Amino acid sequence: MTPLVAIGINHKTAPLEVRERVAFAPERMLDALREIIGNTPASEASILSTCNRTELLCSVEPNDCEHLVDWFHSYHGLTRAEIEPYLYVFPEQGAVRHLMRVASGLDSMVLGEPQILGQVKDAYSSAKEAGTAGRMLNGVYQHVFSVAKQVRTDTAIGSNPVSIAYAAVSLAKQLFSNFEKHTALLIGAGTTIELTAKHLREAGMGNIIIANRTVERAQKLANELNGKAVALADMPDYLQYADIVISSTASQLPILGKGAVERALKQRKHKPILMIDIAVPRDIEPEVNQLDDIYLYSVDDLQEIINEGLRSRQQAAEQAEEIINVQVIHFNGWLQSLDAGLTIGTYRQNAEQLRDNELEKARQLIARGVNADEVLKRFAYNLTNKLIHQPSSQMKKASYEGRNNIIDAARELLGIKDQDN
């Protein structure tokens with residue numbers, strides 16, 4: 001089968017301003033997947049696009065990787081020079097190992113964070129929906145999901161609440177001593193915002209306002225938290241009440257600009273606002289940080305806070321790496337078994353064809369009145385001879401040529417024990 005190749009960038013190789021330029025918009029994901037299949041030599045493809053990484057996982061020959069790189073930068077309107085310094089490529093087993101590490105949270109900004117597994121599952125679902133996942137991707141993703149579950153079950157990688165959402169709330173705690181007297185405005189209603197909202201509520205946040213493009217989704221989350229839901233278009237009107245603003249949407253353009261923030265500050269009489277933008281591309285214009293009384297942090301700024309909670313997970317990560325090392329070998333065995341499966345299938349098909357031919361001859365003899373016992377004996381004799389003819393001829397040839405390894409392999413395949421046993 002055509003091997004796997006993973007190419008992409010992540011928070012370790014590329015700064016935020018590069019990552020946001022190569023993020024895939026959710027509404028364009030299916031078209032992008034089909035473009036890969038239509039415009040590159042890849043036979044299967046999936047895309048994982050999060051705030052911390054953008055990766056392609058494709059079934060393609062290693063020599064054709066350059067076509068994927070060309071498609072990747074041209075799709076986003078970038079030159080090769082703009083993207084290549086940040087790009088990594090993992091061929092074959094390296095691609096499998098990388099995806100296992102990603103799904104298990106070992107390659108995340110937040111070591112062991114659980115949200116990435118859901119994002120990997122979404123990437124696989126999109127590939128299936130687009131029709132770009134075949135036998136190879138189906139096999140690798142199912143194996144990866146099993147490995148990620150084993151890592152969660154057998155190690156303490158998920159112990160201690162360390163996530164981007166948790167880090168954002170921890171930062172807020174450093175600046176606001178009493179959450180009960182303050183108001184948080186959350187922009188978006190996805191998994192990260194949902195987790196952030198729950199952390200805020202557990203920390204005693206007085207008021208929570210959730211602004212989202214789909215008000216119904218915001219209302220559902222607000223009901224769970226005794227908060228208030230508003231439309232994204234009305235969000236600037238509520239900005240004046242917010243002491244903390246945390247944003248995480250899938251918008252490709254900023255949704256909160258400098259002008260709206262300036263107006264809110266005037267209405268608040270310049271009472272400070274903490275803004276945490278954990279979206280990629282960014283939701284809040286970077287120029288907002290130029291304003292007095294605004295403390296703006298991006299997803300990359302949370303790294304120092306996150307690092308404080310990682311020490312207890314290091315030993316678990318080492319155990320997880322050992323699990324992955326074993327599972328990469330198992331997956332490679334599965335791949336090799338696919339090649340054997342093709343051979344076995346062909347061998348069986350040939351045997352069934354011989355059987356059917358001999359069976360048809362036997363039926364014709366019975367129809368002509370030949371004794372049934374005689375027909376069965378002839379059928380068994382002819383079928384046996386034809387089944388063993390080709391293997392016997394090849395073994396004689398191998399023996400004549402002194403290729404004893406073929407004879408040994410044949411004995412193993414056919415289950416022939418030594419005569420002395």
**OP:** Restrict the check to segment 295-303 and report whether at least one residue is assigned by TED's automatic domain parsing to the domain that holds L186, on the phi > 0 side of the Ramachandran plot and not β-branched (V, I, T).
**Re:** no
Original post:
Looking at segment 133-143, which of its residues are in a helix (DSSP H, G or I), of a type outside the set (S, T, N, Q) and either surrounded by 15 or more Cβ atoms within 10 Å (Cβ to Cβ) or under 14 Å from the mean Cα position of the chain (by Cα) (or both)?
Top reply: M136, L137, G139, V140, Y141, H143
Original post:
Restricting attention to segment 176-200, which residues are buried (at least 16 other Cβ atoms within 10 Å of the Cβ), more than 30 Å from the chain's Cα centre (by Cα) and over 17 Å from V230 (Cβ atoms)?
Top reply: F176, F179, H182
Original post:
Restricted to segment 144-192, and to residues that are in contact with a Ser or Thr (Cβ under 6 Å, 6 or more places away or on another chain) and assigned to a loop (DSSP other than H, G, I, E, B), which residue is farthest from D122 (Cα to Cα)?
Top reply: N160
**OP:** Would you confirm whether any residue within segment 7-25 is crowded, with 18+ Cβ neighbours inside 10 Å, closer than 30 Å to N325 by Cβ, assigned by TED's automatic domain parsing to the domain that holds L111 and among the aromatic types (F, W, Y)?
**Re:** no
Original post:
Checking P236 against (1) in contact with a helix residue (DSSP H, G or I) (Cβ under 8 Å, 6 or more places away or on another chain); (2) buried (at least 21 other Cβ atoms within 10 Å of the Cβ); (3) more than 22 Å from I116 (Cβ to Cβ), which single condition isn't satisfied?
Top reply: (2)
Original post:
When you go through N307, N289, N350, N382 one by one, which is the residue that is farther than 30 Å from N52 by Cβ, free of Cβ contacts under 8 Å to residues at least 12 places away in the same chain and of a type outside the set (A, V, I, L, M)?
Top reply: N350
Subject >> Members of segment 254-271 found to be surrounded by fewer than 20 Cβ atoms within 10 Å (Cβ to Cβ), in contact (Cβ under 8 Å) with a residue 24 or more places away in the chain and part of a loop (DSSP other than H, G, I, E, B), listed by number >> reply: P254, G257, R268, K271
**OP:** Please enumerate the residues belonging to segment 88-105 that are aromatic (F, W, Y) and within 16 Å of S59 (Cα to Cα).
**Re:** F90
**OP:** Test V280 against the stated conditions and say whether it is buried (at least 21 other Cβ atoms within 10 Å of the Cβ), in the same structural domain as G190 (by TED's automatic domain parsing), touching a helix residue (DSSP H, G or I) at 6+ places or on another chain (Cβ under 7 Å) and part of a loop (DSSP other than H, G, I, E, B).
**Re:** yes
**OP:** Taking only segment 231-243 into account, find how many residues are under 32 Å from the mean Cα position of the chain (by Cα) and either without any contact (Cβ under 8 Å) to a residue 12 or more places away in the chain or not in a helix (DSSP H, G or I) (or both).
**Re:** 1
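The values are calculated or read from the model by the stated rules, or taken from the named source; none is laboratory data. Since this is a predicted model, take the numbers as computed values, not measurements. As a convention, Cβ positions derive from the backbone with ideal geometry for all residues, glycine included, and neighbour counts pool all protein chains shown.
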